1. May I ask for the Rg/Rh ratio of the chain, computed from Cα atoms with Rh as the Kirkwood radius, given to two decimals?
2. Going by alpha carbons, how many degrees (0 to 90, nearest 10) lie between the helix axis of 471-482 and the longest principal axis of the chain?
3. In nanometres, what is the gap between the two model label sites at E407 and N190, each 7 Å from Cα along Cα-to-Cβ?
4. With a point put 7 Å past each Cα toward its Cβ, work out how far L56 is from Q151 in nm, to one decimal.
5. Note down the net charge around R655, summing +1 for each Lys or Arg and -1 for each Asp or Glu among other residues with Cβ under 11 Å from its Cβ.
6. With an 8 Å Cα cut-off and a minimum separation of 6 or more residues, compute the relative contact order for the chain in percent.
7. Can you put T355, T727 in order, fewest other beta carbons within 10 Å first?
8. With no solvent and one equal point scatterer per Cα, compute the Debye intensity ratio I(q)/I(0) for the stretch 656-732 at 0.11, 0.24 Å⁻¹ and report its log10, rounded to two decimals.
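FYI, it's all coordinate maths here, none of it is from the lab. Bear in mind that the values here come from a model prediction, so they are computed numbers and not experimental data. Every residue, glycine among them, receives a Cβ derived from its backbone with ideal geometry; neighbour counts consider all protein chains shown.
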Amino acid sequence: MTLPQTLQGIFKNKQRSYKMVLILSLTEGEKIETIDLDRICERFRQNFLDRESKGLPIDNPPTYLGDSWSSLGSGQLKTIIQNPIQALSDIVEYNPAENSLSFKPDIQRLLTSEVIRELRIYAAQELRAYYLSTSQSSDDLKNFSLRIYFQQVMDGYLQAKKESIKQHPMDHLVRKAIPQELKRLDFISNSPFIVEGSVGKGNWATIPWIAIMDENITNTTQKGQYLVYLFSEDMKALYLSFAQGVTEPLKEGKKKAYSYLGQVVKETRSILPLEGTRKDKDIFLTTNSLGEAYQESTIAYYKYESHNLPTDEQIVADLKNMVDNYRLYAQKVEREDVEPEDQMTVSETIKQVQTYIQSQGFSYPDHLIENFYLSLKTKPFAILAGISGTGKTKLVKLFAEALDATEANGQFALIPVRPDWSDPSDLIGYTDLSNQFRLGPLTKVLLEASKPENHHKPYFICLDEMNLARVEHYFSDILSLLETQEWNGDDIVTNPIVKKEQLVGSNTATDDTEDLRIPDNVFLVGTVNMDETTHPFSKKVLDRANTIEFNYIDLGNFPEALHAEESAERVVGKSSILRSDYLKLQDAYGEYAELIRETTGRLSEINDILEGINSHIGFRVRDAVSFYMIYNERFGLLPKDVAFDHQLMQKILPRIQGSSHSVKQVLVELYLLCLGRPEQNIASLVDDASELYKPWRRGAELPKAKYPESARKLAFMLRRIEEDGFTSFWLS
């Protein structure tokens, strides 16, 4: 094969024919150019129609979108084609603004007529090999019909439940006949799979099932990950699910179990193609709590309706797709040498981090570690602000150490900011007079974190006293790059921070060197002192970070010895626990629409107040707050009002400063909102706000508040504007 290296192996992992067909659609014709997506979709559809007209085997469209390629509309075709586009994102790119698809520029330059011809031959060969691999499964269907078996269960189970389960034909069908036939399929018989079915023990089960389990992952449906056919209680639907056992996790309590199951769902979806499957929660099995647990634990599924079961060929093709994904999942689990059910949940990890920090003789306020984690999960850049000596830098170092990221192993770097920093070269690097690129302290860490063997490790960079210099001068390029984050397969990448040509000049390049980007396993934390020696932050910086304040100090808080049963060991840190799962609100909207709408409602109420001083927020802050609230709900870390209190404190209040009457009115309105009493006489309180901030002075009985941390800060800001004629979040 004379194909360039970048085009070889692009079909190595495939569950369907879609990737090959997409390449054939893109390379059709004499000239390779940017092509309208609607035109690509029609070419894509026509490929299947042409094969079908010749009597050749084809992959049918996903059952939830349609039963034939000819019946699909433009929107349905675009939905289907997004999977192969994502799978081939290393070489193709979709432009939503122009509704077009093309090869990436660096690939486009390689596409000579000879390369195009070779690429089409490669795609056609892989397509033939794919259909040959599935034809054996079709031969296996000659002697039995899964469709008929499933139809028998759905038509007869409700009647069977009225009869004795002992030696009942329905019991034999589900426990014996169907599993035996499934074991005959070549893609199951050649794998370490356990196949078993159940209609209950002694009494009929509400939900009968047939499970396919990799014995290296689990040998029971009570825990671990497996494939399973689940029949709905009313027998109107059958689901082929990539599922998780819920029995064992639920023993730890519903909240903890759902947090763990949800975490595994997100992580598994991020590492598998799962082409053609559904990933929503539109699953109805039963009205009891078990049905809800199945919804929370399902990674992906196919849905079949009793009145319209697909053909045997389609049923087997869907099963093979699931088995291929399951096998790929098992390989990844084996490489990590950790079984998913033995992994710590996020809440358990955070608890272990807290224990480790306490073992080092440090104690931080309630919820601070959870808040710090959620802030980094939302955006890989956070700011710790407060008076000097409160343990800001130490928190970053200890948090990193608890996740086994230390200075010794190169996963933690402390970069002191100098007052004379005036441009990005102080961090990123510069080209000297001999035309050699000198790496900056930041890029040295990025190079190490970008190595493939380090991708699973978290790297922490602490910019100490980052506002000694003007942040916008030396950090603006990095802030802008963080806004370019996008998915590249399973990874999140940014635009280049240093070009390959510059790296060659730094003597760090190898034959495999590419442009240096900010990888998704790097987390930036800035510490700032809030005093007269430092520079303020612009809204550009504040919009892109969570600002966590360290100003309320309890000097009587002494180190406490750990109980004997508490472990102070570090956690084996993985970058996936901190890496963002969402880059756009639409990534999470389908699953968390209700929470997003509720959060947006709260922010809209606040925005109405902020508009009076032109400090209202935009979509970037809305999305960041929504992500924070989603992660908090997923992992069960904080009460909802406590989480929103942190976001109000960290994303809204730092924007407010000034001396005008309007600023004071905004502070009063926000304070009353935090107390849950917005109906009070605002006009009189703007004239004299002392009754609002006096209760927060030392020794007084604190008022009850819905958002107490934000209320306390607002009371301080109100006092400053009345006593000094000016106020700011940043005044200490």
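1. 1.01
2. Between helix and principal axis, roughly 10 degrees.
3. Calculated label separation equals 5.5 nm.
4. With each label placed 7 Å out from Cα toward Cβ, I get 3.0 nm.
5. Here the count lands on +1.
6. RCO, the chain: 11 percent.
7. T355, T727
8. Computed log10 I(q)/I(0) values: -0.23, -1.17.
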